[in-house]
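The values are calculated or read from the model by the stated rules, or taken from the named source; none is laboratory data. What you see is a predicted model, and the numbers here were worked out from it, not measured in a lab. With ideal geometry, Cβ positions are generated from the backbone for all residues, glycine too; neighbour counts draw on all protein chains shown. These accessible areas exclude ligands, DNA and RNA; they are computed on the full protein's heavy atoms, side chains included. Shrake-Rupley method; radii C 1.70, N 1.55, O 1.52, S 1.80 Å.
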Amino acid sequence: MIKTLLPTNIYIFLRKHSFNRSFNFLKLKVSYLLTRLLGRPILFGYPATLSVEPTNRCNLQCPECLSGSRSLTRNAGFINDQTYDKILSEVSSFVNTLILYFQGEPLLHPDIFNLIRKAHEKKIIVIISSNGHFIDPENARKIVESGLDKIIISLDGMDQEVYTKYRVGGNLGKVKKGIEDLVEWKHRLNSLTPLIIIQFLVLSHNQHQINDVRRWGREIGVNEVQLKSAQLIDFRTGNKLMPDDRYSRYKRTKDGIFNVKSALKDYCWRTWSTAVITWDGMVVPCCFDKDATHSMGNILDSSFIHIWKDTPYRKFRNTIVTNRKTIPICLNCTEGLSISV
């Protein structure tokens, strides 16, 4: 494998660094700090991170996922070349990181490796998040060759019984084998990328296996094992999936109701630094708007730059800094939340 004196994250940043993108990020930071200082929305620049949804279809039926539980009210489909190419042509001068994931399983997209490659060729950092069921030896090789910078693979249990309590319809053995294939192909192709991240969603029934997944990750040679607190759809009166308090993003109040641990103050860095585009072109403010209830416009009808600074977005940002608690998608948000998972 390639040797470098630099940490891989820094190596990835430097090989795709652009002065214009860094300057755009600086403008975002300055405008966000001014917003917090003055209590009114000020915006310079464009999002540094963009999530683009290859598809909102999924092969699993995870109960707390709108895609998995088949609860999304918006249409299901796959992004086409025309939509994707338009997005890249409009955002590549300022977007530093492209997350090819929103709802659904990105590796279900029939041309996912070409989507990755197109962004890679524009020197954009590319990340996907996957449930891992479509990583066989052939796809593992394609993933490494595509130029993908990071892949996050969900692994929420270390035996089949525990794993499928949440990943309904899943096959733990297939996922573990896929991760091993990916590690092997990185070595075969002498590649530092993609960073392979195992993400362990901490739930009541699997938290006893945290040390096991960490140990397994070290043994096979992934870059990192991350613990993730679970976002639960129904949490106010408790939820059987909710883990111990140290791993939960919720806390019980004196009246017995659960709330997000975040103070939910009137500011949100996500609204300044990121945006999300659905497979059919709708622009929404962040990854918590899973059903696109706050569509700011459609890039098939307008340019992204116009939508980013148009009236619907300006009104949304104004509500963020004046009365954020009135926005339903914010009530389950972790912005500003710090927990040791």
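Observations
- Filter result (over 20 Å from R314 (Cβ atoms) and in contact with a strand residue (DSSP E or B) (Cβ under 7 Å, 6 or more places away or on another chain)) within segment 255-274: F258, N259, V260, K261
- Pairs with Cβ under 8 Å, 6+ apart, first in segment 294-321 and under 27 Å from D85 (Cβ atoms) and among the aliphatic types (A, V, I, L, M), second open to solvent by 50 Å² or more (accessible area, probe 1.4 Å) and not in a loop (DSSP other than H, G, I, E, B): M296/P312; I299/K86; L300/K86
- The criterion of being surrounded by fewer than 19 Cβ atoms within 10 Å (Cβ to Cβ), aliphatic (A, V, I, L, M) and not in a loop (DSSP other than H, G, I, E, B) holds for L34.
- Leading residue by the ranking (farthest from G178 (Cα to Cα)) among those in segment 202-243 that are of a type outside the set (A, V, I, L, M, F, W, C), in contact (Cβ under 8 Å) with a residue 40 or more places away in the chain and in contact with a helix residue (DSSP H, G or I) (Cβ under 8 Å, 6 or more places away or on another chain): P243
- For segment 227-265, filtered to residues that are surrounded by 13 or more Cβ atoms within 10 Å (Cβ to Cβ) and polar (S, T, N, Q), the residue that is nearest to D156 (Cα to Cα) is S229.
- For segment 281-297, the criterion of a residue being closer than 19 Å to L98 by Cβ, open to solvent by less than 20 Å² (accessible area, probe 1.4 Å) and part of a helix (DSSP H, G or I) is satisfied by no position.
- Residue within segment 39-50 that is more than 16 Å from I307 (Cα to Cα), assigned to a helix (DSSP H, G or I) and either open to solvent by 70 Å² or more (accessible area, probe 1.4 Å) or touching a residue at least 40 places away in the same chain (Cβ under 8 Å) (or both) present: no
- Test set (1) in contact with a Pro (Cβ under 8 Å, 6 or more places away or on another chain); (2) among the polar types (S, T, N, Q); (3) within 30 Å of I79 (Cα to Cα) - T311 fails condition number: (1)
- Criterion: more than 19 Å from I197 (Cβ to Cβ), open to solvent by less than 60 Å² (accessible area, probe 1.4 Å), more than 19 Å from the chain's Cα centre (by Cα) and in contact (Cβ under 8 Å) with a residue 60 or more places away in the chain - qualifying residue of T83, T73: T83
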